[in-house]
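The values are calculated or read from the model by the stated rules, or taken from the named source; none is laboratory data. It should be emphasised that the depicted structure is a prediction, and the values quoted were computed from it without experimental measurement. FYI the Cβ positions are ideal-geometry reconstructions off the backbone, even for glycines, and counts take in every protein chain you see.
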Amino acid sequence: MTTNRTLLACAFALSLAACGDSTGTGGTGGAPAQSCEPALGCPEVASECVAFVDNTGLTSFALRITQLNVSAPSALTDPTVTNLLNTGIVYDYPECTTADGLPLFAKDGTFNWILELDTMAGTLKTGGAELETDPNAGYCFLSGDIAGFDVAPLETSITISGSTFETSETRDVVVPIFTDVDDPSKVILLPLRSVRIYDSTISSDNNCIGNFNGDELDPNNLCLSDADTPTFESGGSLEGYVTLEEADQVLVPELGNASLCALIAGADFVDQATNSCRRTAGEIDFQGDWCAGATEADPGTPATAECADAVQLSAGFAASAVAVRTDCN
């Protein structure tokens, strides 16, 4: 895992380029690499998104989110946070390389968000998986109490139009983001309320939502993603909201043990003594851009002068076929 840790450290320094090969050559140090397309040691399944199982012809199948492009709240678009998320989302699968030997998936693979669809029944089960870094091993949905949060996948009906689906109702889900490959107790929780998934297009072989971006990634940048070129192109969208009170209960050790609320609110609204959101008479000072709904079926409304107790989350995503294991607890 040394390579992974080095990349993460450089991400926090916002200087990924310094971690690479400054000569702009391929993995052998010779001529410049020619392509970022998967070539050696990669899954044998033919797909546009580096799928680990073949869902062709199936009506019940699973995919793992491989790219999460957050557009709101703005605090979660910060490069440091983006790199933290990507370090967990990108597979720990360095044996999959370009023809020049550049590893395409050499991070931690600890942020596993799974979508399990049944197109015949018209249902979706989605949420976080247990800590698993080997994409060939398959995944188990995580359920249980973690740090006072009820962590479990949501299950809902979906509407399918051609190859595109969307959820028929909004539901709550708490998604775990593991941050240490060896310690499942080190986890950041993302408590999403009234989640909606929409405009999500599944490939004809059921293996992909979105696609691997090999023709856009730069081999002279070691095929690494950057602010302009993600590893995967999104093929789906999701939205929901996070209440400020729940965000203040979530700690982010990688960001100095600040609460998620403090991260969202920014330095002007942080209680320096607690690294959480500053309060007056017990109420959080920061005003969000959203007003929470009364139930998970109520997605809430944009904030008003009377109600600004949440922030809306919006993101595009890509996903690739994986297995959900049958021996899960």
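Of everything in the range 46-67, what is within 15 Å of TYR93 (Cβ to Cβ) and modelled with pLDDT under 95? Give them in sequence order.
Result: no residue meets the conditions.
It is to be established whether one or more residues within the range 238-256 are of a type in the set (D, E, K, R), in contact (Cβ under 8 Å) with a residue 24 or more places away in the chain and over 24 Å from LEU154 (Cβ atoms).
Within the range 238-256, one or more residues are of a type in the set (D, E, K, R), in contact (Cβ under 8 Å) with a residue 24 or more places away in the chain and over 24 Å from LEU154 (Cβ atoms).
Scan the range 46-57 for residues that are farther than 14 Å from ASN211 by Cα and buried (at least 17 other Cβ atoms within 10 Å of the Cβ) and jot them down.
Selection gives VAL53, ASP54, ASN55.
Can you tell me which residues in the range 144-196 are in a strand (DSSP E or B), of a type in the set (Ser, Thr, Tyr), out of contact with any Leu (no Cβ under 8 Å at 6 or more places or on another chain) and farther than 15 Å from GLY236 by Cβ?
SER194
Do you know which residues across the range 278-329 are buried (at least 22 other Cβ atoms within 10 Å of the Cβ), closer than 16 Å to TYR241 by Cβ, among the small types (Gly, Ala, Ser) and under 22 Å from the mean Cα position of the chain (by Cα)?
ALA310
Let's see how each residue does on (1) farther than 29 Å from ASN329 by Cα; (2) part of a helix (DSSP H, G or I); (3) under 14 Å from the mean Cα position of the chain (by Cα):
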{"residue": "PRO38", "(1), (2), (3)": "yes, no, no"}
{"residue": "ALA46", "(1), (2), (3)": "yes, no, no"}
{"residue": "PHE52", "(1), (2), (3)": "no, no, no"}
{"residue": "SER71", "(1), (2), (3)": "yes, no, yes"}
{"residue": "LEU76", "(1), (2), (3)": "yes, yes, yes"}
{"residue": "ASN136", "(1), (2), (3)": "no, no, no"}
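When both residues are 6+ apart or on different chains and their Cβ atoms are under 8 Å apart, which pairs have a first residue that lies in the range 211-237 and is in a loop (DSSP other than H, G, I, E, B), and a second that is surrounded by fewer than 19 Cβ atoms within 10 Å (Cβ to Cβ) and of a type in the set (Gly, Ala, Ser)?
The qualifying pairs are GLY214/SER35; LEU222/GLY20; LEU224/GLY20.
Going residue by residue through the range 322-329, is there one that turns out to be touching a residue at least 24 places away in the same chain (Cβ under 8 Å), of a type in the set (S, T, N, Q), closer than 30 Å to GLU44 by Cα and assigned to a loop (DSSP other than H, G, I, E, B)?
yes
So if I check each of ASN207, ASN211, ASN275, ASN221, which one is surrounded by fewer than 23 Cβ atoms within 10 Å (Cβ to Cβ) and within 30 Å of ASP118 (Cα to Cα)?
ASN211
Given (1) buried (at least 19 other Cβ atoms within 10 Å of the Cβ); (2) of a type in the set (Gly, Ala, Ser); (3) outside any helix (DSSP H, G or I), identify the lone condition not met by GLY88.
The number of the failed condition is (3).
Only residues that are at pLDDT 95 or above and among the hydroxyl-bearing types (Ser, Thr, Tyr): list them for the range 184-228, please.
SER194, TYR198, SER200, THR201, SER203, SER204
State the number of residues belonging to the range 300-327 that are modelled with pLDDT under 95 and of a type in the set (Ser, Thr, Tyr).
1
I'd like the full set of residues that are assigned to a helix (DSSP H, G or I), of a type outside the set (D, E, K, R) and at pLDDT 90 or above, limited to the range 251-283.
Those that are assigned to a helix (DSSP H, G or I), of a type outside the set (D, E, K, R) and at pLDDT 90 or above: LEU260, CYS261, ALA262, LEU263, ILE264, ALA265, ALA267, PHE269.
Take the residues of the range 93-131 that are in a loop (DSSP other than H, G, I, E, B) and charged (D, E, K, R): which is surrounded by the most Cβ atoms within 10 Å (Cβ to Cβ)?
Per the stated criteria, the residue is LYS107.
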